[in-house]
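The values are calculated or read from the model by the stated rules, or taken from the named source; none is laboratory data. Computed from a prediction, not measured in an experiment: that's the story for all the values here. Here the Cβ positions follow ideal geometry from the backbone for every residue, glycine too, while neighbour counts run over all protein chains shown. For the accessible areas, the whole protein counts, side chains as well, though only heavy atoms, and no ligand, DNA or RNA atoms are used. Shrake-Rupley method; radii C 1.70, N 1.55, O 1.52, S 1.80 Å.
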Amino acid sequence: MNTNKKNNTILFTIFGIVLVIVVGLLVFFANRPKTTDNTASSTSTSSSQKVDYPTNYKLHDAVKNSTTALNDLTLPQLSTTVAEDEAEVEIKTTAGNINIKLFPKLAPNAVQNFLVLAKNGYYKNNEFFRVIKDFMIQSGDPSNQGTGTASIFGGKTFDTEISNQLYNIRGALALANTGQASSSSSQFFIVQNSQDMTSQIQDKTKYPQKIIDAYKKGGYPSLDGSYTVFGQVISGMDVVDKIAKAEVTSSGSGEASSPVDPVKIKSVKILKNWKFE
């Protein structure tokens, strides 16, 4: 009788342990966002990186497109000057430095998240873990696996910020996402492609002529409207090209994008900050 009770106790204990493990795995995988197989949305990320920073930062309302005629719009990406209403950072990497101006008025949540994380050293030692020549280079995940992101907004991801003044031209800085509207966070990519992409623009009537001309020098117009563009490289595109040309192997998904010798971010220095309300 006592032996039976002892055996039952052991069985219940084992069952309890197995149940806890199964529930834990279910919760883990339920919180992993789904990704798609097409090239554009393969810049997807998952939110698993928690950051212990203050969480009282304010999410700003989505930016509304200007009603100004397309060809009369201000297009800040086309100037290397850092305007009064822009910020500037220097990404110091093991391959060289990349200077980027940011657009807080046109993508406030993306810029604020990036600047605060940079100030707190979040990007230090991040690798450019995903590199695809003639497309883009991606970083912003301390795990260097594409599975971690961070948000200063209570740890929550935020909406894609789309502006008719910003596009995925060569040198554009944009946020990766899962393909869902509210899945932006800390992971970012820099558009590297230098080939003429004007033939890839589906409807040229929706683009300013100066942006169409800019796409002759490279970019990826298929990303427009799906990813938050929040900055533009103003010096150091040679470094971006160098990173993009690295030797790569297959990633876990079979994509040839994992650098054999990844370039690391040494620091992100804020050269010109922006005060958010």
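Sort out which residues of the stretch 120-132 are surrounded by fewer than 17 Cβ atoms within 10 Å (Cβ to Cβ) and touching a Lys or Arg at 6+ places or on another chain (Cβ under 8 Å), and write them in order of number.
Lys124, Asn125
Could you check the stretch 186-205 and list, in sequence order, the residues that are touching a helix residue (DSSP H, G or I) at 6+ places or on another chain (Cβ under 7 Å), in a loop (DSSP other than H, G, I, E, B) and surrounded by 20 or more Cβ atoms within 10 Å (Cβ to Cβ)? Within the stretch 186-205, Ser186, Gln192, Met197 qualify. Condition (residue is modelled with pLDDT of 95 or more, at negative phi, surrounded by fewer than 23 Cβ atoms within 10 Å (Cβ to Cβ) and not small (Gly, Ala, Ser)) applied to the stretch 133-141: is it met by at least one residue? Yes; the residues of the stretch 133-141 include at least one that is modelled with pLDDT of 95 or more, at negative phi, surrounded by fewer than 23 Cβ atoms within 10 Å (Cβ to Cβ) and not small (Gly, Ala, Ser). Counted as qualifying within the stretch 225-277 are the strands (runs of 3 or more DSSP E) with 2 or more residues that are farther than 13 Å from Gly96 by Cα and open to solvent by less than 50 Å² (accessible area, probe 1.4 Å), namely 229-235, 256-259.
Please count how many residues of the stretch 62-76 are farther than 13 Å from Ile162 by Cβ and either without any contact (Cβ under 8 Å) to a residue 40 or more places away in the chain or in contact with a strand residue (DSSP E or B) (Cβ under 6 Å, 6 or more places away or on another chain) (or both).
Residues that pass the stated criteria total 4.
Taking every residue in the stretch 172-195 that is in contact (Cβ under 8 Å) with a residue 60 or more places away in the chain and pairing it with any residue that is charged (D, E, K, R) and open to solvent by less than 10 Å² (accessible area, probe 1.4 Å), at least 6 positions away or on another chain, the pairs with Cβ-Cβ distances below 7 Å are Gln187/Asp141.
Among the conditions (1) in contact with a helix residue (DSSP H, G or I) (Cβ under 6 Å, 6 or more places away or on another chain); (2) at pLDDT below 95, Pro208 misses just one, which is (2).
Please verify whether the stretch 86-102 includes one or more residues that are modelled with pLDDT of 75 or more, more than 16 Å from Phe230 (Cβ to Cβ) and part of a loop (DSSP other than H, G, I, E, B). Yes: one or more hits. Looking only at the stretch 83-100, which residues are within 20 Å of Leu117 (Cβ to Cβ) and either aliphatic (A, V, I, L, M) or without any contact (Cβ under 8 Å) to a residue 40 or more places away in the chain (or both)? Ala87, Val89, Ile91, Ile98, Ile100 - these are the residues of the stretch 83-100 that are within 20 Å of Leu117 (Cβ to Cβ) and either aliphatic (A, V, I, L, M) or without any contact (Cβ under 8 Å) to a residue 40 or more places away in the chain (or both).
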